[in-house]
1. Show the residue pairs that are 6+ apart or on different chains and have beta-carbon atoms under 6 Å apart, the first residue being within the stretch 78-99 and within 10 Å of the ligand (Cβ to nearest atom), the second being among the hydroxyl-bearing types (Ser, Thr, Tyr).
2. Inside the stretch 168-180, can you point out the residues that are under 15 Å from ALA157 (Cβ atoms) and surrounded by fewer than 20 Cβ atoms within 10 Å (Cβ to Cβ)?
3. What are the pairs, 6+ residues apart or on separate chains, where a residue within the stretch 1-12 that is within 16 Å of GLY72 (Cβ to Cβ) has its Cβ under 6 Å from a residue that is near the ligand (Cβ under 6 Å from one of its atoms) and part of a helix (DSSP H, G or I)?
4. If a residue must be in a helix (DSSP H, G or I) and of a type in the set (Lys, Arg), how many such residues does the stretch 184-215 contain?
5. Residues being within 9 Å of the ligand (Cβ to nearest atom), surrounded by 17 or more Cβ atoms within 10 Å (Cβ to Cβ) and more than 19 Å from the chain's Cα centre (by Cα): count how many of those fall in the stretch 21-70.
6. Looking only at the stretch 192-219, count every residue that is of a type outside the set (A, V, I, L, M, F, W, C) and within 18 Å of the chain's Cα centre (by Cα) and tell me the total.
7. Could you list, in sequence order, the residues of the stretch 116-138 that are over 11 Å from the mean Cα position of the chain (by Cα), part of a loop (DSSP other than H, G, I, E, B) and within 15 Å of the ligand (Cβ to nearest atom)?
8. How many residues are of a type in the set (A, V, I, L, M) and more than 17 Å from VAL65 (Cα to Cα) when one looks only at the stretch 22-49?
Amino acid sequence: MKIGIIGAGNIGGNLTRRLTALGHDVSVANSRGPETLSALVEETGATAVTAAEAARGAQVVVVTVPLKAVPGLPAGLIDGAAEGVAVIDTGNYYPQQRDGRIAAIEDGTPESRWTEEQIGHPVIKAFNGTYAQDILSNGLPKGSPGRQALPVAGDDAATKQVVRDLIDELGFDTVDAGDLDDSWRQQPGTPVYGHQGDAEAIVKALAEASPERTAEWRA
Ligand SMILES: NC(=O)c1ccc[n+]([C@@H]2O[C@H](COP(=O)([O-])OP(=O)(O)OC[C@H]3O[C@@H](n4cnc5c(N)ncnc54)[C@H](OP(=O)(O)O)[C@@H]3O)[C@@H](O)[C@H]2O)c1
């Protein structure tokens, strides 16, 4: 598949490593420009591009930048992607450590709903509670006992399935965590956030989530 990754940090870098190893055609972008990604390109065979170019022709786009950087992404970020593109949002709102105050999220808008409004395209929320190192180290063949499972939330059944299939290829089970309006269940501070359990444990953790945003995760 042709995959565009916007953000080449902990998550974007490791997705680039694994997805190229699986044979996907990966374009990857950061904020400083393609020329600063030569080490990752050399290591993985990915193509370094600008953020504005990353979605071009892509069947899957991953937006994996700090939340505070999302409003500054190029306008029409997803224009030029393949029809039916699945856009994955890995983001988390870290008001105290990184992102500052985002009023709509403080007022209860799910983080990924806010992100899709910013980029002007529906998103599927995945990987947000997965340690970057797990993407490199924890994948197992389908059917392995205890295989780690990732919650996946989003409104569109077809693109959600594309994302679930890709995560399976990466070596993880998935759990359907509902629509994007349900995706608060996997935000920072919830039981499932950072959980490395199997599908059964992830279903249980999602069910135990409370919609209240605790002080630690408020501005
Ligand atoms: N780290 C984790 O284990 C983890 C786990 C799950 C979810 N997340 C979430 O996933 C998101 C990314 O996390 P991360 O840890 O991978 O971040 P990170 O290591 O800080 O990397 C962020 C990347 O985004 C790029 N970037 C920033 N602004 C950009 C812009 N305007 N255009 C293009 N690229 C831009 C940065 O490029 P430059 O370096 O050139 O500035 C960098 O490559 C965050 O929302 C985070 O909360 C992280």
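The values are calculated or read from the model by the stated rules, or taken from the named source; none is laboratory data. As the structure is a computational prediction, the values presented were derived from the model and not from experiment. Here Cβ is always computed from backbone atoms with ideal geometry, including for glycine, and neighbour counts include all displayed protein chains.
1. ASP89/SER112; ASP89/THR115; THR90/THR64; GLY91/THR115; ASP99/TYR93
2. ASP176, GLY178, ASP179
3. Between residues of the stretch 1-12 that are within 16 Å of GLY72 (Cβ to Cβ) and residues that are near the ligand (Cβ under 6 Å from one of its atoms) and part of a helix (DSSP H, G or I), the close pairs are ILE6/ALA51.
4. Quick first cut of the stretch 184-215, residues in a helix (DSSP H, G or I) only: 184-186, 199-207, 215.
From what is left, the residues that are of a type in the set (Lys, Arg) are 185, 204.
Number satisfying all stated conditions: 2.
5. Matching residues across the stretch 21-70 total 1.
6. Of the residues in the stretch 192-219, the ones of a type outside the set (A, V, I, L, M, F, W, C) are 193-198, 200, 204, 208, 210-214, 216, 218.
Next cut, within 18 Å of the chain's Cα centre (by Cα) only: 193-196.
Within the stretch 192-219, residues that are of a type outside the set (A, V, I, L, M, F, W, C) and within 18 Å of the chain's Cα centre (by Cα) number 4.
7. Correct list: TYR131, ASN138.
8. Taking the stretch 22-49 first, the residues of a type in the set (A, V, I, L, M) are 22, 26, 28-29, 37, 39-41, 46, 48-49.
Right, trim to more than 17 Å from VAL65 (Cα to Cα) and you get 22, 39, 41, 46.
So the answer is 4.
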